[in-house]
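Accompanying notes for the structure given below.
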Amino acid sequence: MITSTVPTSTAPPSVEPISTILVANRGEIACRVFRTCRDLGISTVAVHSDADADALHVREADAAVRLPGSAPSETYLRGDLIVKAALAAGADAVHPGYGFLSENADFARAVTDAGLVWIGPPPEAIEAMASKTRAKELLRVPPLTDVTEADLPVLVKAAAGGGGRGMRIVRELAELEGALKAASAEAASAFGDGEVFVERYVEDGRHVEVQVLADRHGGVWVIGSRDCSLQRRHQKVIEESPAPGFPDDFLYELHESAMDAARAVGYVGAGTVEFLVDGGTAHFLEMNTRLQVEHPVTEEVYGIDLVALQIAVAEGAPLPAGPIAASGHAVEARLYAEDPATGWTPQAGVLHRLEFPTGPGVRVDTGYASGDTVPVHYDSMLAKVVAHAPTRAEAVRKLAHALERAVIHGPATNRDLLVASLRHPDFRNTGRLGTGFYDRNLDALSGPRDGEEYAAVAAALADAAGAGGRFGGWRNLPSQDQAKTYGEHEVRYRPTRGGGYEVSAPEGVRVVSAAPDRVRLEVAGVVRDVDVTAYEDGTVHVGPHRLTARPRFPDPADQREPGSLLAPMPGTVVRVADGLAVGDRVTAGQPLLWLEAMKMEHRVTAPASGTLTALHAAPGRQVEVGALLAVVQADVSTEAQEDQTA
């Protein structure tokens, strides 16, 4: 860590100790700020949309205020309502968290104009840095204006906000106009600001960032580094501190650049300066004028509470003198309700159980508890799981183990992908870290997990044990095998005279015991007990495995004609391809329409080349998962035509 103090000509105004903080946010970050407030003896106020009326952050606050009127996806962007809520609840300060209005200078001014303390940087610093275009101008980074073939690939990027929203990679000039339009619409929905810009896209670079913290007295801390290279859809998935594999002199240069950026705008509070490292060259990306999602890894390595320091700075206190020492390594994984194998499709629904292992060096920051519902309106992050240990290898091993032992019953998550990523050779070898990690490895990482076929056996036997207990399983004569299918795994078994079960497929499984909620199996001489829990939606959780039972006799009403395009998630149709109409010819992979769910746009494309025979989607239409959006009648192939002729 490096520090700097620039003497100020006049003493900063003093601020009375803060007694009550309203957090202008939701979910995990609101709960995180509330935790520090409780430690400091500060009262808390939550705000919420109707969709969040019973959310964990509302339950954990001392008081809560409903934000009326707006659609759930827009509620937390209503700064006027949030200021009114703070005044009505008797709060004397507002913490913005991250996302939503955290980098909105007008909101910061509205807070201070109302006589409240803003726990963040001055509005002028936000204006200088929160817009990525203005930040690049300030730091003399030349913009990319007239894009040519020589510039490709390029990245279209939202000027405000973050989290991967409002970003598109463009590899063909013909795609640029559509990417600009889509990114602008997504940014306006997420941040209330549709400004976008274009920059060159660095393939598979390292994403490295530096934490800064500044007080009102001219003191600036630069607190280590973080590597956030593992990303999907330009949103970070796994982060760590310190950034591994870089020489000290290179990191020192990044620290100096970050300090220069903070000084240039008279920064106050917590912020992060981000760089994209291409070989040995660091390119300035942006400065985030807020607390980062990944701030816990810095806290764990340096033994500090960044939220507490934010509050102290807002109260006018100087930063403590002298450097703070780093200790060990910390790694964080973001647990999302999403399906990586289907384009990172976000998931929603009831979290029947959400439990994490506890122990030395393991930290969990979450906005959900068992029984909560993951809504369709917001980011799908469930929790951040952090491990801290003396070395990187130990921290990575500890984090993978904690994730593997977590109990997560409900919507599909990226848990298996996270565990596999942490154990992948490309992650362990820091020389192969890069933003293209998932481009290279996703297929291998999201395939069937080891032990899944035996989890299917346990699910089938637990179901049989439950049914046997209700209806009896005795037969006078031997019967044929019973069969149940979970995903791609078919299980065949039969009851035995002793009240047990014999498994014929998959081979090599001996059933030691089977009950409706617990099954003991022996495979290759190794005996394991697994807990089994089945839910009414057809999902079965067997240890860390999430399985879906296939019905033996599908309901004819659920059958769709070939070429049917179904909504992969609940959401809103935001756009239909220009001029698209029934009867049009379409090609495989052609975008037909766009759904918005959890503040992200998702393309729905033609599954094959053919004719559009039905179009049920229209802009603004709300759809549930599985809703019929369109039908494409595929062309009959030459081989098929010959077969039909024969």
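Right, Val220: at pLDDT 80 or above, part of a strand (DSSP E or B), under 25 Å from Phe107 (Cα atoms) and out of contact with any Asp or Glu (no Cβ under 6 Å at 6 or more places or on another chain) or not?
yes
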Condition broken by Val636, with the remaining ones in (1) modelled with pLDDT of 90 or more; (2) outside any strand (DSSP E or B) satisfied
(1)
Tally, over the range 172-210, of residues that are of a type in the set (Asp, Glu), more than 28 Å from Phe246 (Cα to Cα) and surrounded by 22 or more Cβ atoms within 10 Å (Cβ to Cβ)
1
Near pairs, Cβ below 9 angstrom, 6+ apart or cross-chain, from the range 395-413 (of a type in the set (Lys, Arg)) to any residue that is surrounded by fewer than 23 Cβ atoms within 10 Å (Cβ to Cβ) and in a strand (DSSP E or B)
Arg397/Ala389; Lys398/Val362; Lys398/Ala389
Which residue out of His377, His388, His352, His424 is closer than 18 Å to Thr539 by Cα and surrounded by 17 or more Cβ atoms within 10 Å (Cβ to Cβ)?
His352
Taking the stated definitions as given, is Asp379 at pLDDT below 95, outside the structural domain of Arg35 (by TED's automatic domain parsing) and under 20 Å from Phe34 (Cβ atoms)?
yes
Quick check, is Val58 surrounded by fewer than 24 Cβ atoms within 10 Å (Cβ to Cβ), farther than 14 Å from Ala88 by Cα, touching a strand residue (DSSP E or B) at 6+ places or on another chain (Cβ under 8 Å) and of a type in the set (A, V, I, L, M, F, W, C)?
yes
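Look at Val491 and say whether it is outside any loop (DSSP other than H, G, I, E, B), in contact with a Lys or Arg (Cβ under 7 Å, 6 or more places away or on another chain) and at pLDDT 95 or above.
yes
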Members of the range 313-337 found to be buried (at least 19 other Cβ atoms within 10 Å of the Cβ), of a type in the set (Gly, Ala, Ser) and farther than 30 Å from Arg423 by Cα, listed by number
Ala314
Let me confirm something: among His602, His545, which residue is within 30 Å of Ala458 (Cβ to Cβ), in contact with a strand residue (DSSP E or B) (Cβ under 9 Å, 6 or more places away or on another chain) and in contact (Cβ under 8 Å) with a residue 12 or more places away in the chain?
His545
Suppose we filter Ala188, Ala159, Ala150, Ala135 for residues that are at pLDDT 80 or above and among the small types (Gly, Ala, Ser); which single one remains?
Ala188
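The values are calculated or read from the model by the stated rules, or taken from the named source; none is laboratory data. Owing to the predicted nature of the structure, the values given are computational and were not obtained by experimental measurement. Because the Cβ atoms are built from the backbone with ideal geometry, glycine has one as well, and the counts that use them run over all protein chains shown.
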